[in-house]
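The values are calculated or read from the model by the stated rules, or taken from the named source; none is laboratory data. Nothing here was measured: the structure is a model prediction, and the numbers come from that model. Every residue, glycine as well, gets a Cβ built from its backbone with ideal geometry; the counts of neighbours run over all protein chains shown. These accessible areas exclude ligands, DNA and RNA; they are computed on the full protein's heavy atoms, side chains included. Shrake-Rupley method; radii C 1.70, N 1.55, O 1.52, S 1.80 Å.
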Amino acid sequence: MRSQFSGLYLRELLRTFRNPFVLLITVVQPFMWLAFFGSSFANAPPSLVESFVGAKSYIAFLLPGTLSTSMLSVGMFGSMSTIQDKRFGFMKRILITPTSKGVIFLSKALGSATRGLVQFPIMVVAALVFGVSFQLSPVEWLAWVGALFCLAIGFSSLFLAITAPSTDWQTPGVVSNFITMPLMFASTALFNGAFFPSWMRAISAVNPITFSALLGRSFVLGTSVPWINLGYLAAFALALLGIGWIVAGRWLKVD
Amino acid sequence: MTAPAIEVKGLTKRYGSAGHGVVALDDVSFSIPAGTVFGLLGPNGAGKTTLIKVLTGISDISAGDATVAGYDVRTQSMAVRSHIGWVAAEVILDDDFTARENLWLQAKLQSLPDWEPRADLLLKYFALYDRADDKVSQFSTGMRKKLEIALALLHQPDVIFMDEPTIGLDVGTRRMLWDIVTGVHREFGVTVLLTTHYIEEADALCDQIAIIDFGKVVAQGTPSELKARVHGDVIALETSRPIDVPRLTAIPGVQDVRPQGNEWMIRATTAEAVLPSLLAAVPAETVRRISIEKPSLETVFLELTGHRLGQDEPMRDIRKFYAQMRQVRK
Ligand SMILES: Nc1ncnc2c1ncn2[C@@H]1O[C@H](COP(=O)(O)OP(=O)(O)O)[C@@H](O)[C@H]1O
Ligand SMILES: [Mg+2]
C-alpha cells in the first residue's frame, strides 16, 4: 500500500512540475491576479479602501482570500486528472494491479493539495513585490500553510468524490462549477462580509474558505488570531477525506 | 497435471438492468491449462474485451464463477491482480513519462522493490534499452506495444491478458508481435489469453481456441480439432438472379445450400467433384463470382455461426439499438 501510494503520488507531482507551461502559468498567475484585481482600487481614496475592506491595503486584504479561493481551483484541477486517467484508460492500468481504490483516491487528493501549496511562496513573493510587508512568527507561517493545506485536501476530496463514480466527463465538471461559485463569493475571501445580505452571511459563516481567509488575514494584518479556525479547517479536511475514501472505495468506476 | 491457469464456469455478464441491458457474456465456460496460449476468436462486439474486464476485476461478474492463477476472481481480486499482466487493445502508457519511468510506476503499483534488473532485462529483450530514457510519446506504435508487454511481464505474472494485440498495426509490426507473443510465452513461461478477430492470428498463435459470438462460446478446441469439425468444402456463389435451390441440392455430393448475405453457400464433400454439375445447373451469364473454400477456421466460423467474421457489424448495431430502445421506452 505504501509503495502504490508513493508511486501514484509522485506521478501526480512529476506530471505537473515537468510541464514547463504549467510551471510558467503557476508562477505568472499570482502576479497577474494581484496586478489586476489588486490594482482595481489603486486610485481610490485610502479612506474608501479602509471602510470597504477594513484594511489599509487592498492587496494585503486580498492575498489570504485569494490563496483560499485558489484552493478551490486546485481541487477542481486535481479531479480533472482523474477524469483524464479514466478517459485515456490509465485508470484501468492502475486498477489491474493490487492497488486499492482508496489508495488511488488518497494519492490524487494529496497530490493535488501539494501541487496547490506551491502557489503559496510565489503568491507571498508577489505580494512583497506589490508592497505588502509580513510580520509573521514561524508558527504563524506554519499555521497559515497548514490551513491552506487543509482547505486544499478538503476541496480535492470533495471534487474527487464527485468524479469517482462517474464514467462520463462532463457531469463532474458541471457539478464542480456549480459548487464553486457560491463557495467563492459567499465567503469573506474577496469582499468584506459586513456588506453581505443575511442569507449570504449564513453561508459564509460555515464556508471553510471564510475560515481560512480570516485566519490568513489576521496573520497578514496583525490583528487578533482566530486559532479556532485552524481546528475547523482540520475537521473539514478530515471529514471530506473520509467521505472521499469511502465514495472512491465503493464507487470508483471505469466501466 | 497442474491446476488450470484460468477456469471459467457459467460466466455471465450483463450490462444495464436485467432484461433490458446487453448480455455481453452468456454462460461462458472454459478451462485454460497453465503454460498455453489460449485464443478467444470472435467478431467485434462478441464480448472478448468484456471477458478480459471481468477476469481482471475491472468489471463485476453478473453470474457464474472464475478463477485466475488459482484465485477466485470475485473474492480474491487483489491476489488475482498481483499474478496477472494486462496488455490493452489501445496501448495505455503514461505519455508524460519515459519508458523507464513507466516501468518504475508499474513496479510501484506491483510493490516490487528490486525491479531494475528485471526491467533492464525486459528493455533489452524488447530492444528498447537504448530508448529507455526517452518519453514514450516519441515511440512508434510497435515500440509502445512492446513496452506495454514489458510492463505486463515486469512482476513475473502467471497469466497475461492481451486484448487484440495486433489490432490497427501494419503487416510488418503484426508479424513482429506474433513472434513476440510466441517468444514471451516460451521464454517467460506465462499462460497467455489473447483475443482476436483475425482468424489467421488465432490459427498461428494459439494452442487452444474458443470461438465466441454474441457472448456465447460456440466451439472450442485446438485449431486442427476445430478445422476437423467441418466436413467438406464450401463453394461461395454470387448470382444476379435467384438460383434453383432444390436442383442444386439434388446434385450428388452437395450437402446443403443456404443463403448468406447476397451469396449462396454450397457445402460439398469435395468442391471440385460437384463443380461441373453445379455450373450446368446455374446459367453461366448469371454467375457474378464463384469461389471455393477448403476447411479453415473461416469456414468453421461460418458453419457454426451462420455468418462470416467481420461481416456483421450492422446487425450487431441493430441489436444494441433495440436494447437501447427498450430502455428508453421503459
Ligand atoms: N460499458 C458497457 N456498457 C454497456 N454495454 C457494453 C459495455 N461494454 C461493452 N458493452 C457491450 O457488450 C458487448 C460486447 O462488447 P465487447 O466485450 O467490447 O466486445 P469485443 O471486445 O468482442 O468487440 C457489445 O454489445 C457492447 O456494446
Ligand atoms: Mg474488444
In the stretch B:98-156 the accessible area split gives carbon plus sulfur, as whole percent at 1.4 Å, a share of 45 percent
Of B:Ser140, B:Ser59, B:Ser296, the most mobile residue in a GNM of chain B (C-alpha springs, cutoff 10 Å) is B:Ser140
To the nearest 0.05, the calculated FRET efficiency linking A:Trp199 and A:Ile228 through their beta-carbon distance, R0 being 25 Å, is 0.55
Taking a crude spin-label model, label points 7 Å out from Cα along the C-beta direction, the B:Trp178 to A:Met32 distance in nm is 5.5 nm
Counting every C-alpha pair in the stretch B:1-125, the percent lying more than 23 Å apart is 43 percent
In debye to the nearest 20, the charge dipole size for the stretch B:91-203, taken about the Cα centre with +1 at each Lys and Arg Cβ and -1 at each Asp and Glu Cβ, equals 160 debye
Over the protein assembly as shown, with neighbouring protein chains present, the accessible area per residue in Å² at probe 1.4 Å is 44 Å²
If the label point sits 7 Å along Cα→Cβ of B:Asp27, residues of the stretch B:188-216 with amide N under 18 Å come out as B:211-216
Per the 1/(1 + (r/R0)^6) rule, R0 = 60 Å and r from the Cβ atoms of B:Val287 and B:Arg186, FRET efficiency to 0.05 is 0.80
Here the residues of the stretch A:1-45 whose accessible area is at least 10 Å² smaller with all protein chains than in the chain alone (probe 1.4 Å) are A:Ser3, A:Gln4, A:Ser6, A:Gly7, A:Leu8, A:Leu10, A:Arg11, A:Leu14, A:Arg15, A:Arg18
Computed on Cα atoms only, the convex hull of chain B has an orientation-averaged projected area in nm² of 20.9 nm²
Output row B,A: buried area (accessible, probe 1.4 Å, summed both chains) in Å², nearest hundred, equals 2400 Å²
Residues hit by the 30 Å² burial cutoff in the stretch B:77-108, accessible area with a 1.4 Å probe, assembly against chain on its own, are B:Met78, B:Arg81, B:Trp86, B:Ile92, B:Asp94, B:Asp96, B:Phe97, B:Glu101, B:Trp104, B:Leu105, B:Gln106, B:Lys108
Looking only at lysines whose Cα falls under 20 Å of B:Lys124's and that sit 8 or more positions away or on another chain, we get B:Lys135, B:Lys145, B:Lys146
Mean projected area (nm²) from the convex hull of Cα positions in the stretch B:231-294 is 3.7 nm²
Once the in-chain neighbours fewer than 8 apart are removed, the aspartates and glutamates whose Cα is under 16 Å from B:Lys294 read B:Glu200, B:Asp203, B:Glu225, B:Asp233, B:Asp256, B:Glu272, B:Glu303
Sorted list, accessible surface of protein heavy atoms, 1.4 Å probe, largest first, for A:Lys56, A:Lys253 is A:Lys56, A:Lys253
Once the in-chain neighbours fewer than 8 apart are removed, the lysines whose Cα is under 17 Å from A:Lys108 read A:Lys86, A:Lys92, A:Lys253, B:Lys108
In whole percent, the fraction of accessible protein surface over chain A that belongs to carbon or sulfur atoms, probe radius 1.4 Å, stands at 73 percent
Rg from C-alpha atoms of chain A, normalised by the globular rule of thumb 2.2 N^0.38 Å, equals 1.04
Long-range share for the stretch B:100-224, i.e. C-alpha pairs more than 25 Å apart as a percent of all pairs, stands at 29 percent
The correct pair for the stretch B:98-156, radius of gyration to one decimal and Dmax as a whole number, both in Å and from Cα atoms, is 10.2, 30
log10 I(q)/I(0) for the protein assembly as shown, Debye formula on C-alpha points only (no solvent), q = 0.06, 0.10 Å⁻¹, two decimals, reads -0.45, -0.93
The answer for trypsin sites (Lys or Arg not before Pro) in the stretch B:1-78 that fall in a DSSP coil and have at most 16 neighbouring Cβ atoms within 10 Å is B:Arg74
